Amino acid sequence: MTVLVVSGHFAAYTYVRPFLEQVSHAGPALVSTVLLVYGAAGVAGNFAAGAWAARNPRPVLIALAALIALATAALASIGLPLVVLLVWGFGYGGVGVTLQLWIMRAGGGELGTALFVGAFNVSIALGAFAGGRVVDGVSTSAVMWLGSGLAVLTAVVAGIWGRSRTSGS
């Protein structure tokens, strides 16, 4: 799930500035503003998801992945950057803490968290690489759809995998 959601996020987020400039026709001031809003929403999402995920991380991850999927699809479809990046930032801001809590609740211990960090970092590079291939081969709008699709896949996997587990998550 880490590889899916982080790769999807970074496939799209790495190219958000070119998307905003080329598709939404945003100038430097608007790009700066929406990225500031994204960052602030990410901080809020981190705290909100942490409090909620402490009880049961599976539905939180599903909800966060759904927010990312909706936001990236909306950005590609309607291009309301301020509102959409607020939702996207809130969703992605909670991903790291939610996945870490899921790993700890499942008894992952030090090895689980080490694997999580490794997978997270590899996924940043994988997502940016895949996003670059899509931008070069298709368009900057298409990369938002890639991010959305991987976020949807994350929610589906979390829903299926979470049900088959008996650890309570």
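The values are calculated or read from the model by the stated rules, or taken from the named source; none is laboratory data. None of the values given here were measured: they were computed from a predicted structure. Cβ: placed from backbone, ideal geometry, glycine included. Neighbour counts: every protein chain shown. Note: areas computed on protein heavy atoms with side chains; ligands, DNA, RNA excluded. Shrake-Rupley method; radii C 1.70, N 1.55, O 1.52, S 1.80 Å.
Taking Cα pairs under 8 Å and at least six residues apart, what relative contact order does the stretch 1-145 come out at, in percent? Kindly include the intermediate steps, with their values, before the conclusion.
On the way: 187 pairs, mean separation 61.1, N = 145.
Reported relative contact order: 42 percent.
Springs join every pair of Cα atoms under 10 Å in this Gaussian network model of the chain, and among V95, V143, V135 the largest mean-square fluctuation is at V135. For the chain, the longest principal axis of the Cα atoms and the long axis of helix 2-13 meet at an angle of about 10 degrees. Of the listed values [x] 41, 33, 29; [y] 48, 30, 24; [z] 67, 40, 34, identify the label whose number matches Cα extents along the principal axes in Å calculated from this model. Correct label, based on the coordinates given: [y].
Expected output is a single nm value to one decimal: the length gained when fully extending between V3 and M104, i.e. 0.36 nm times separation in residues minus the C-alpha distance. What is it? Display every interim value, and only then the final one.
On the way: separation 101, 0.36 × 101 = 36.36 nm, distance 1.75 nm.
Length gained between V3 and M104: 34.6 nm.
With protein chains left intact and a 1.4 Å probe, residues in the chain average 47 Å² of accessible area per residue. Between the Cα long axis of helix 57-77 and the first principal axis of the chain there is an angle of about 10°, rounded to the nearest 10.
At 0.36 nm per residue, and after removing the present C-alpha to C-alpha distance, how many nm does the segment from V157 to N56 gain when stretched out fully? Working shown, then result.
Details: separation 101, 0.36 × 101 = 36.36 nm, distance 1.59 nm.
Between V157 and N56, full extension yields 34.8 nm more.
Nearest 10 degrees, 0 to 90: what angle lies between the long axis of helix 95-105 and the longest principal axis of the chain (Cα atoms)? The helix 95-105 is inclined about 10 degrees to the chain.
Distance from a point 7 Å along Cα→Cβ of V83 to each backbone N in the stretch 114-143: keep the residues under 15 Å and list them by number. Counting backbone N atoms under 15 Å from the label point, the list is empty. Please sort by residue number the trypsin sites (Lys or Arg not before Pro) in the stretch 49-157 whose DSSP state is loop and whose Cβ has at most 12 other Cβ atoms within 10 Å. Answer by residue number: R55.
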